[in-house]
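To start, the structure under review is shown below, and the notes come after it.
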Amino acid sequence: MAEHLEISDDLIAVRHHLHQYPELGFKEYETTKFLRDQLTSHGIEVLETPLETGLVAEIKGEKPGPRVVLRADIDGLPIHEHSGLPFSSKNPGVMHGCGHDIHMTGLLAAAFWLFEHRERIQGTAVILFQPAEETGRGARHVIETGALGKVDALIGTHNTPDHKPGEIAVSWDPMMAGCVSFAVTFHADGTHAGHPDCGTGPIEALASTILSLQTIVSRNISPLHPVVLSITEIHGGDVWNVIPDTAGFLGTVRYFHKDDHKLVVSRFRQVVESTAAAYDITVDIKWDELGAPLVSDAALIGPVAEDLPGYATPVSVITSMGGEDFADFQQLGPLVFASVGSNGRPGHRSIHNPEFVAFDEAIKPTAEFLVNALLRVESELQK
């Protein structure tokens, strides 16, 4: 039997408050204080951890069993909001443009229900409000600090405006891509623009490299395997009559298969380093792996999926090339993840858009997934 939760007006007000006061990654001090107050006012124990922002709480059940984490991310984005919502951001230039306010409120609702029904918990429900997901480093930071301790499984969600509230998607296949950020800087001898023979300018090397990098996917990766390599920023030079001594670019790679990632890394370095050598300059490459592809544990997601029709409308996953650092938690234990509908209306804006809107109605299915998945995962882990 699926559990159904009621979302009170107080919880709706909580969501509106969180939406109005977003904070950027690793700066979520007021958000953390607000969440802590919400939990402690309901009698839930917040643990002391090394985290400066974000927090970990525990709800111990009346029966022994595993420690299972329920996670919500808490940071906003550096976007000036134009959603038109009556509870739009009051922090200029910062917006919950990815729906993390829905995630937080859904986890609070789940935590309140679990605390009132501790007899249903077989073990310990660990409540994680994670900082800095949008930086790609928040989950890694939680892991490195040891804030969670030993855990047996982790459960998370992300809203998707492509589905309606009440619709939930889970999958055995990768749901979100592995994510890499890269930075390339060429070092050369700068010179007067009228005397290019007196230097080894980096601009030509930069341009040739960018064009060559686009062949990595088109000529090396199977067309049946989605891979994206995007150059997103170019820099070099300050004035019109000087050939600079440095130039560079930034970008990202997104992938679903580890072998594809290995191939892209190898070819990327070959292209960049050989092009720099051809122009008789040097180059620095920074390759930052921000997260692996997000895949739910095959043994756990099946039973969780079987329960879905009892409290939601199951829908197919819309695979995303966006990254989700929840994938990093697979270092600690098996993962269960769901996409929860948050809009679904024609013409809706996607996440990370100034006009993005997630509806309050997404809170209830978020909370119900967390509760029902927790109860099912606890049961499965003890078989």
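The values are calculated or read from the model by the stated rules, or taken from the named source; none is laboratory data. Here the structure is a predicted model, which means the values were calculated and not measured. When we count neighbours, we look across all protein chains shown, and the Cβ atoms used for this are built from the backbone with ideal geometry, even at glycine. The area values use the complete protein model at the heavy-atom level, side chains included, leaving out ligands, DNA and RNA. Shrake-Rupley method; radii C 1.70, N 1.55, O 1.52, S 1.80 Å.
Checking the structure you have, find out if any residue of region 192-215 is open to solvent by less than 20 Å² (accessible area, probe 1.4 Å) and touching a Lys or Arg at 6+ places or on another chain (Cβ under 8 Å). No, the conditions are met nowhere in region 192-215. Listed by first and then second residue, the pairs with beta-carbon distance under 6 Å, at least 6 apart or on different chains, first residue in region 185-204 and within 19 Å of residue 235 (Cβ to Cβ), second surrounded by fewer than 13 Cβ atoms within 10 Å (Cβ to Cβ), are 191/198; 193/241; 200/280.
Touching a strand residue (DSSP E or B) at 6+ places or on another chain (Cβ under 9 Å), open to solvent by 40 Å² or more (accessible area, probe 1.4 Å), modelled with pLDDT of 95 or more and assigned to a loop (DSSP other than H, G, I, E, B) - does that describe any residue in region 168-184? The answer is no, given that none of the residues of region 168-184 is touching a strand residue (DSSP E or B) at 6+ places or on another chain (Cβ under 9 Å), open to solvent by 40 Å² or more (accessible area, probe 1.4 Å), modelled with pLDDT of 95 or more and assigned to a loop (DSSP other than H, G, I, E, B).
Among the residues making up region 33-45, those that are open to solvent by 60 Å² or more (accessible area, probe 1.4 Å) and polar (S, T, N, Q) are 40, 41. For region 216-273, filtered to residues that are assigned to a helix (DSSP H, G or I) and of a type in the set (S, T, N, Q), the residue that is nearest to residue 292 (Cα to Cα) is 266. Residue 91 meets all of the listed conditions (1) within 14 Å of residue 34 (Cβ to Cβ); (2) open to solvent by less than 20 Å² (accessible area, probe 1.4 Å); (3) not acidic (Asp, Glu) but one, namely (2). One residue alone among 62, 52, 48 is open to solvent by 40 Å² or more (accessible area, probe 1.4 Å), modelled with pLDDT under 95 and either touching a Gly at 6+ places or on another chain (Cβ under 8 Å) or not aliphatic (A, V, I, L, M) (or both), and that residue is 62.
When region 1-32 is limited to residues that are of a type in the set (A, V, I, L, M, F, W, C) and farther than 26 Å from residue 140 by Cβ, the one that is most open to solvent (accessible area, probe 1.4 Å) turns out to be 1. Applying a threshold of 9 Å to beta carbon distances and a minimum spacing of six or more residues, or different chains, the list of pairs starting in region 10-23 at a residue that is in a loop (DSSP other than H, G, I, E, B) and ending at one that is open to solvent by 40 Å² or more (accessible area, probe 1.4 Å) and hydroxyl-bearing (Ser, Thr, Tyr) reads 23/29.
Every residue, every condition in (1) more than 30 Å from residue 379 (Cα to Cα); (2) modelled with pLDDT of 95 or more, yes or no:
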position: 267; (1), (2): yes, yes
position: 274; (1), (2): yes, yes
position: 280; (1), (2): yes, yes
position: 286; (1), (2): yes, yes
position: 291; (1), (2): no, no
position: 308; (1), (2): no, yes
position: 311; (1), (2): no, yes
position: 330; (1), (2): no, yes
position: 335; (1), (2): no, yes
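No other residue among 160, 105, 145 is polar (S, T, N, Q) and surrounded by fewer than 20 Cβ atoms within 10 Å (Cβ to Cβ) apart from 145.
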